[in-house]
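What follows is a single structure, written as structure tokens, with notes after it.
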Amino acid sequence: GNLKVASGHGIDFSATSDASGMTSELLDDYEEGTWTPTLPQGGTVNSITDAHYIKIGNAVIYYCYAAFTPTNNSSYFRIGGIPYTPIQNNHGGGSIQYSSTLNVNHWSGSLAHHDGYIYFHRTDGNSAQILNSAFGGSQYPLIIHGVYTIL
């Protein structure tokens, strides 16, 4: 059968050695699931091939393979619908695995914002966020994944 831990408890790893700054050795949560990507700054999510996550303790690992057509404007390109809200000032990190013919050579990896969305910055000496207009009103599939921290 399965090992079931009572609410408020977890697996205690305190028998191991501690790193300086350690704050907990209790693993108290694990979860797997799916999520639905959205475009909170306007546009259409044309198809979702896969969007899933794994939550281990206070770390969320996410994956998304979807086709997006953002509204062709100067709003920031954001992907909403992530399963948990990241903590403030800890943007996590990730990468773009596939972008079809969309030129993402100067895009950062995916970053998670504490307002509950994923976004990207330019990495060509201009630190501006990527705009919806980078898609030119066309549909492009993206495969992204990353990790962020929650409370």
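Worth a mention:
- Of interest is the spacing of the C-alpha centroids, which for segment 35-58 and segment 118-136 amounts to 19 Å.
- Candidates SER17, SER100, SER74: whichever shows maximal mean-square fluctuation once the chain is modelled as a Gaussian network with Cα springs under 10 Å: SER17
- Within a Gaussian network of the chain (alpha carbon springs, distance under 10 Å), most fluctuating of THR44, THR123, THR16: THR16
- Taking N as its residue count, the alpha carbon Rg of the chain over 2.2 N^0.38 Å: 1.20
- Placing R0 at 35 angstrom, the Cβ-Cβ distance between ASN105 and GLU32 gives a FRET efficiency of 0.60 after rounding to 0.05.
- For the chain: relative contact order, % (alpha-carbon pairs under 8 angstrom, 6 or more apart): 25 percent
- Karplus-derived 3J(HN,Hα) values for segment 35-41, using 6.51 cos²θ - 1.76 cosθ + 1.60 with θ = phi - 60°, are 9, 10, x, 10, 10, x, 9 Hz; glycine and proline are entered as x.
- Segment SER74..SER24, full-extension length gain: 13.7 nm, with 0.36 nm per residue of separation and the alpha-carbon distance subtracted.
- For GLY93, residues with placed amide H under 5 Å, excluding near neighbours: ALA112, VAL147
Any read-out appearing in this document is the output of simple, stated calculations on the displayed coordinates, not a laboratory observation. In this text the structure is predicted, and so the values were computed from the model without any measurement. Every residue, glycine among them, receives a Cβ derived from its backbone with ideal geometry; neighbour counts consider all protein chains shown.
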